[in-house]
Amino acid sequence: MPKNGVIMAGFWAAALALWAGQVWAQTPAAPACAAPVAPSGEYAPWTNPVAIKAGGDPAAAPLLPLGTAARVTLIATPKVKYEVRPEKPGGTVSYGGILILDITKNSSYRIALSSAAWLDVIGKDGALRSTAHGHGPDCTGIRKVVEFPLQPGRYTVQIAANGADEITVMALPSP
Amino acid sequence: MKPIFAFLALMALTIPPQVLAQNRHDARVALGRRLFYDADLSRDGSMSCATCHEQRHGFSDGNLVHPGVTDEPGRRNVPGLANVGRFSPLTWADPRQTTLEKQAAVPVFGTHPVEMGMAGMQEQIPKRLGRDPCYRQMFAAAFPGHDQKLDFAKISRALADFERSLISRDAPFDRHRLSPEATVGWAAFRRSCASCHKGPDFTDMAFHRLSPPDPAAPDQGLYEVTGRQADRGRIRTPSLRNVAVTGPYWHDGSAPTLDDAIGRHGLNLAPDKTRAIKVFLNALTDDKFLNNQAFSLPQTACGVKL
């Protein structure tokens, strides 16, 4: 890993560690930004997302590829059939949806969102507790980053209580 | 049959037994609880009262401040709600907020800062809720009578009744189960802290300033409402119920830990006394309150799974 990568990895570890233990809470507001900033490094794909449509139930949910940003079209909340009722379900005028995450390597993973939407990761034993949460690099539009320790297997990613019908999502291994 | 009896008979036939069985107060608490967790009270359906007031944090949250639906940063730390029905005035520095019914409008319609963002959209709330037959039944049970209009006055009354049910009186302190160190801490607390943090909820409900006024500070506290120079920086004493789980502390969340918060009072306490006070403060955590299912996200309404 290049030196900058080490520094950035340390920064993100510290940034997320600040919020470790405050699991499930919302993230702080993004700072005021004069202009958007394109993220670099592992978040570089954020600015070039693929378009996918979220599922209204787990059976219809598309795969969220690791390391690839996705611009996800969501569904009106009353039409979404979640596997586990989200702790913050969102109102009838909000949007949500379901994605699938396939994990092949035991590691910690981050899921980045462009909004403060509610996020659940459901494994075979139910909803997982996140281990840290924070935000992405300032002014990049990465509004919320939640970290989960994941073992190989298939996971359901539930997005709930989003105010708009689209959201950018990216899942990637933690440094 | 007279129209009123016909109406009541029709209500009895259409309202589920779970709703009918409640008395008016219980019906209002049930309605208020559902509303407390309903994000349709916010502009885009993304925030409910419970978005910021999380039960496991004593109905505060784990953030310095909480941004609203427009992502405008919050100005003040989310206060806990344990025993809030006993409090007046409410919030950190606004003596106008004398009742829970009045205060409910602040997060929903307020613009300084925008929280739930419904300013100018008040008519949307009854439209959204009225689409749900169960909500109509719950309002009818909570507010029986001719006036079946669904409006924010009723919503705020129901929210207030639910909030008044948030009673925390089962901490180790309440059960007289203090450890020896907590007992030392309680004695130190009484000597050093209880002139302001007094009474069963550890607040005198008065506005105080713990450092010299700073006219350049972004938050001028009570002065912002009264305009009196003497009120610059004055903040209402917060309750300490469940304080161990309501951090970060201070009106702006700028004290990350209890150590920081205690230290800012300028009491020059010996380290062992500070530690003992912290142990005592931990004895104000009411686990039953934090886990009481009657206060949590409702899973059913009108007998149907939500």
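With each run of n ≥ 4 DSSP H residues scored as -39500 (n - 2.57), what mean residue ellipticity at 222 nm is computed for chain B after dividing by its residue count and rounding to the nearest 500 deg cm²/dmol?
Values: 14 runs with 112 residues, N = 306.
After summing the helix terms and dividing by the residues of chain B, the value is -10000 deg cm²/dmol.
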- Note on the structure: A correct fewest-to-most ranking of B:211, A:115, B:179 by other Cβ atoms within 10 Å would be B:211, B:179, A:115
- Item | All lysines inside 23 Å of residue B:149 as judged from Cα atoms, apart from same-chain residues fewer than 8 positions distant | B:2, B:102, B:127
- When the label point is put 7 Å from the Cα of residue A:106 along its Cα-to-beta-carbon vector, which residues of the range A:138-163 have a backbone N closer than 17 Å? A:148-154
- Query: Given B:80, A:54, A:74, which one lies farthest toward the positive end of the charge dipole of the protein assembly as shown, if we put +1 on the Cβ of every Lys and Arg and -1 on the Cβ of every Asp and Glu?
  - Reply: B:80
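I'd like the mean, over residues of A:153-165, of how many other protein chain beta carbons sit within 10 Å of each residue's own Cβ.
Numbers: counts 0, 0, 0, 0, 0, 0, 0, 2, 8, 3, 11, 2, 0.
Per residue, the number of nearby Cβ atoms from other chains is 2 on average.
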- Task: Order by neighbour count: B:49, A:33, fewest other Cβ atoms within 10 Å first, most last.
- Result: A:33, B:49
- Query: So, in nm, how far is label residue B:153 from label residue B:191 when the simple model puts each one 7 Å beyond its Cα toward the Cβ?
  - Reply: 5.4 nm
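Let's see if you can work this out: charge +1 on each Lys and Arg Cβ, -1 on each Asp and Glu Cβ, no other charges. What is the dipole magnitude of chain B about its Cα centre, in debye to the nearest 20?
Numbers: 38 positive and 32 negative charges, 164 e Å.
Computed charge dipole of chain B: roughly 780 debye.
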- Roughly how many debye, to the nearest 20, is the charge dipole of the range B:152-306 about its Cα centre, given +1 on each Lys and Arg Cβ, -1 on each Asp and Glu Cβ, and no other charges? 360 debye
- Note on the structure: Per-residue Cβ contact counts at 10 Å, fewest first, order B:139, B:189 as B:189, B:139
- Given charges at beta-carbon only (K, R positive; D, E negative), |dipole| of the protein assembly as shown in Debye: 840 debye
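I'd like the FRET efficiency for residue B:287 and residue B:111, computed as 1/(1 + (r/R0)^6) with the beta carbon distance as r and R0 of 51 Å, rounded to 0.05. The partial results should precede the final answer.
Working: r = 37 Å, r/R0 = 0.74.
Taking R0 as 51 Å, the efficiency between residue B:287 and residue B:111 is 0.85.
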- By the Cα gyration tensor axes a ≥ b ≥ c (a/c under 1.5 gives rounded; else a/b larger than b/c gives prolate, otherwise oblate), the shape of the range A:41-173 is rounded
- Short version: ³J(HN,Hα) in whole Hz for each residue of the range A:162-169, in order, from phi by Karplus 6.51 cos²θ - 1.76 cosθ + 1.60 (θ = phi - 60°), x for Gly and Pro, what are they? 8, x, 10, 8, 9, 8, 9, 10
- Query: If one takes the longest principal axis of the Cα atoms in chain B, at what angle in degrees, from 0 to 90 and to the nearest 10, does the Cα axis of helix B:133-142 lie?
  - Reply: 70 degrees
- Note on the structure: Free-by-geometry Cys in the protein assembly as shown, Cβ-Cβ under 4.7 Å as pairing rule, reported as B:49, B:52, B:193, B:196
- Query: Roughly speaking, what is the stretch gain from residue B:305 to residue B:265, that is 0.36 nm per residue apart minus the C-alpha to C-alpha distance, in nm to one decimal?
  - Reply: 9.6 nm
- Query: Which residue, chosen from B:108, B:135, B:158, occupies the Cα position most advanced towards the positive end of the dipole of the range B:108-173, where the dipole is computed from +1 (Lys, Arg) and -1 (Asp, Glu) charges on Cβ about the Cα centre?
  - Reply: B:135
- Residue-count net charge about residue B:161 - beta-carbon cut-off 10 Å; Lys, Arg +1, Asp, Glu -1: +2
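Please report the net charge: other residues with Cβ closer than 14 Å to the Cβ of residue B:208, K and R +1, D and E -1. Write down the numbers at each step before the final one.
Numbers: positive: B:198, B:209, B:232, B:234, B:236, B:264; negative: B:204, B:231.
It works out to a net charge of +4.
Report the gain in length on full extension from residue A:32 to residue A:83: 0.36 nm times residue separation, minus Cα-Cα distance, nm rounded to one decimal. Numbers along the way, then the final one.
Details: separation 51, 0.36 × 51 = 18.36 nm, distance 3.65 nm.
That works out to 14.7 nm of additional length.
Other chains near B:62-69: what is the mean number of their Cβ atoms within 10 Å of each residue's Cβ? Walk me through the numbers on the way to the answer.
Details: counts 8, 7, 2, 2, 6, 7, 1, 2.
Other-chain Cβ atoms within 10 Å of each residue's Cβ, averaged: 4.
Each value in this text was obtained by applying a stated rule to the coordinates, not by laboratory testing. Remember, it's a predicted structure, so these values are computed and weren't measured experimentally. Virtual Cβ from ideal backbone geometry, glycine too; neighbours counted across all protein chains shown.
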